[in-house]
Amino acid sequence: MEYQRIRNLLFRLDPETAHHAVELLLELATFLPPLLHLLEKRFLVQEEILSQELFGRTFPNPIGLAAGFDKNGTMAPSLHALGFGFVEVGTITPRPQIGNPRPRLFRYPRYRALQNAMGFNNDGADVIAARLRRLRSRSFPLGVNIGKNKETPPDQTLHDYRLLIQLFAPLADYLVVNLSSPNTPGLRDLQNERFIRELFTMASDLTDTPILLKIAPDLSPQQAVDLCALAIESGGAGIIATNTSTDYSLLPGARSFGGISGAPIRERSFQIFEAIAKELFGKGILVSVGGIESAQEVYRRILAGASLVQLLTPFIYGGPPLVRTMNQELAALLRQDGYATIQDAIGAKR
Ligand SMILES: Cc1cc2nc3c(=O)[nH]c(=O)nc-3n(C[C@H](O)[C@H](O)[C@H](O)COP(=O)(O)O)c2cc1C
């Protein structure tokens with residue numbers, strides 16, 4: 001069935017119910033290897049020109065699933081089979097959390113946007129770690145995105161991250177410290193020099209697993225660059241830019257809470273990414289996310305310095321066929337410009 005028709009059915013349900021239905025099916029599919037194999041044949045683009053080694057693993061293509069779709073780590077193998085070169089699960093908090101009151105997720109189809117105020121709803125670190133242990137022999141790269149519990153007092157915050165890093169470092173190819181969700185009160189305030197220095201210094205003593213910092217698009221480019229530089233100086237392996245935006249002027253009819261994602265944040269997210277790349281390219285791995293919904297946009301981010309890109313909202317609107325098309329067209333764009341491998345194009349037009 002065409003994705004368009006599946007989407008029409010799903011969009012008749014409220015967004016969270018639709019998500020739960022999809023999650024149930026994709027979780028079920030993880031227990032059916034022949035089905036995964038079929039999906040992979042249909043959707044996963046594995047051309048040599050798109051493949052690269054990073055964090056000691058092979059990324060078959062550079063388009064990954066951003067955090068927030070598979071918060072509980074229940075569907076990663078299915079999402080890989082549906083075309084993603086890598087999957088990031090989470091955000092995971094130490095203790096289970098129900099998140100903010102509903103409704104907290106809204107579609108804006110006219111603008112190919114979403115607005116969410118989920119608030120790190122997740123099953124908690126122990127349950128999800130047990131799930132991820134079953135994926136140890138997986139064939140694809142896995143990132144784990146971590147965050148503090150809402151109720152954790154400020155003087156205990158570092159302790160939350162310590163526990164999460166210790167638990168998930170052995171289970172992931174990379175970790176992401178998410179200080180940029182707008183939906184946990186005070187979280188974005190941790191995007192400050194003192195905390196970032198303390199956190200990354202502590203983290204590099206705890207593990208060799210690469211740890212990336214994920215930042216908000218609502219910092220000024222200079223602020224973003226300074227904080228990212230500090231994270232890398234303090235032992236961070238790279239940057240993911242960006243999370244959702246709280247600039248509600250970007251989306252006509254936006255609510256006045258939560259974060260906006262998808263097409264309306266594309267330019268904002270690119271500008272912040274570009275500023276970071278100009279300063280930090282070559283010093284850490286740079287991942288670009290926010291409103292990426294075409295191969296041209298992936299290519300633009302790669303040329304600007306992104307080793308990898310991620311998407312979430314465009315996946316809701318375009319489904320697995322979009323990821324496949326983006327990868328196929330990206331391979332064509334690289335060839336057209338005479339690049340033999342994706343590595344040659346990364347950062348070529350900084
Ligand atoms: C419903 C929803 C939930 C999200 N949850 C998380 C999350 O738990 N952790 C996180 O780091 N980012 C989260 N994000 C942000 C995305 O990972 C991504 O950074 C952002 O949506 C911009 O990308 P996009 O335009 O491709 O959606 C979430 C986004 C959406 C739409």
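The values are calculated or read from the model by the stated rules, or taken from the named source; none is laboratory data. All of these numbers come straight from a predicted model, not from anything done at the bench. Note: ideal-geometry Cβ built from the backbone for every residue, glycine included; neighbour counts use all protein chains shown. Note: accessible area is taken over every heavy atom of the protein model, side chains too, but ligands, DNA and RNA are not part of it. Shrake-Rupley method; radii C 1.70, N 1.55, O 1.52, S 1.80 Å.
The table for this structure:
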| quantity | calculated |
| --- | --- |
| Restricting segment 1-31 to residues that are within 16 Å of the ligand (Cβ to nearest atom) and without any contact (Cβ under 8 Å) to a residue 40 or more places away in the chain, the residue that is most open to solvent (accessible area, probe 1.4 Å) | His20 |
| Residue selected from segment 113-128 under the condition more than 13 Å from the ligand (Cβ to nearest atom) and not charged (D, E, K, R), by the criterion surrounded by the fewest Cβ atoms within 10 Å (Cβ to Cβ) | Val127 |
| Boolean, Glu40 is of a type outside the set (Ser, Thr, Tyr), loosely packed, with under 15 Cβ neighbours inside 10 Å and under 30 Å from Gly238 (Cα atoms) | no |
| Out of Arg110, Arg104, Arg131, sole residue that is surrounded by fewer than 17 Cβ atoms within 10 Å (Cβ to Cβ) and at negative phi | Arg110 |
| Residues of segment 218-237 satisfying the condition of being assigned to a helix (DSSP H, G or I) and of a type outside the set (Asp, Glu) | Pro221, Gln222, Gln223, Ala224, Val225, Leu227, Cys228, Ala229, Leu230, Ala231, Ile232 |
| Segment 160-189 - residue that is without any contact (Cβ under 8 Å) to a residue 40 or more places away in the chain and either out of contact with any strand residue (DSSP E or B) (no Cβ under 9 Å at 6 or more places or on another chain) or open to solvent by 20 Å² or more (accessible area, probe 1.4 Å) (or both) and, of those, nearest to the ligand (Cβ to nearest atom) | Arg188 |
| Residue among Ile276, Ile302, Ile260, Ile265 that is part of a helix (DSSP H, G or I), among the β-branched types (Val, Ile, Thr) and within 12 Å of the ligand (Cβ to nearest atom) | Ile265 |
| Selection count, segment 217-241, where residues are over 11 Å from Ile276 (Cα atoms) and surrounded by 24 or more Cβ atoms within 10 Å (Cβ to Cβ) | 3 |
